[in-house]
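Chemist: I am attaching a structure below and will ask some questions about it afterwards.
The values are calculated or read from the model by the stated rules, or taken from the named source; none is laboratory data. These numbers were taken from a predicted model, which means no experiment stands behind them. Ideal geometry is used to build each Cβ from the backbone, glycine not excepted, and the neighbour counts take in all protein chains shown. Note: accessible area is taken over every heavy atom of the protein model, side chains too, but ligands, DNA and RNA are not part of it. Shrake-Rupley method; radii C 1.70, N 1.55, O 1.52, S 1.80 Å.
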Amino acid sequence: QVQLVESGGGLVQPGGSLRLSCAASGSTLDYDAIGWFRQAPGEEREAVSCISSKDGSTYYIDSVKGRFTISRDNAKTMAYLQMNSLKPEDTAVYYCAVDTSACSWYAADFSSWGQGTQVTVSS
């Protein structure tokens with residue numbers, strides 16, 4: 001089973017940037033889909049982005065397109081979410097997740113999760 005640890009969250013002003021990291025340990029080679037999710041207080045956990053190792057495809061929800069970029073290293077030991085032009089509505093706990101299947105917008109399709117890292121966007 002793969003273990004995931006997120007880092008890089010913090011407090012930033014609107015328009016600022018953060019780079020979230022997801023460190024993976026354990027058996028990682030069989031995991032194809034790497035996703036980022038977020039959850040604000042009182043809200044459902046929502047998908048943000050996903051990257052596939054099968055074809056390199058990346059996926060983003062409309063609200064972050066052009067602002068966020070998902071990436072990973074070839075060894076599947078690290079995944080990243082570069083977040084630019086941050087808005088207050090981006091405030092949430094961000095989680096990375098992996099699965100052996102293709103990218104999905106559904107959290108239930110991901111088998112392993114990190115503990116989350118807090119992102120707060122406020123002036």
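Chemist: Under 16 Å Cα to Cα from LYS76, which lysines show up? Leave out anything in the same chain fewer than 8 places away.
Modeler: Partners found: LYS54.
Chemist: Still on this structure, I have one more. Once amide H atoms are built 1.01 Å from N in the peptide plane, which residues 5 or more positions from ASP32, or in another chain, come under 5 Å H to H?
Modeler: Here the answer is ASP99, THR100, SER101, since their amide H atoms fall under 5 Å of that of ASP32.
Chemist: Which FRET efficiency value, to the nearest 0.05, is calculated for LYS87 and ASP55 with the Förster distance at 25 angstrom and r the Cβ-Cβ distance?
Modeler: Values: r = 30 Å, r/R0 = 1.21.
After rounding to 0.05, the efficiency reads 0.25.
Chemist: Moving on. Can you pull the one-decimal nm distance between simple spin-label points at GLN115 and ARG19, each 7 Å off the Cα toward Cβ?
Modeler: Spacing of the two 7 Å Cα→Cβ label points: 2.3 nm.
Chemist: Label 7 Å along Cα→Cβ of MET78; the stretch 5-37 residues with amide nitrogen under 13 Å?
Modeler: The answer is 7-8, 19-24, whose backbone nitrogens lie closer than 13 Å to the label point.
Chemist: Okay, next question. Under a point spin-label approximation (7 Å from Cα along Cα-to-Cβ), what is the GLN1-SER123 distance to one decimal in nm?
Modeler: Placing both labels 7 Å along Cα→Cβ, they lie 4.5 nm apart.
Chemist: Which value, in Å², gives the accessible area per residue of the stretch 1-106 when a 1.4 Å probe is used on the protein heavy atoms? Intermediate results must be reported in sequence, preceding the final value.
Modeler: Values: 5320 Å² over 106 residues.
Heavy-atom SASA per residue in the stretch 1-106 reads 50 Å².
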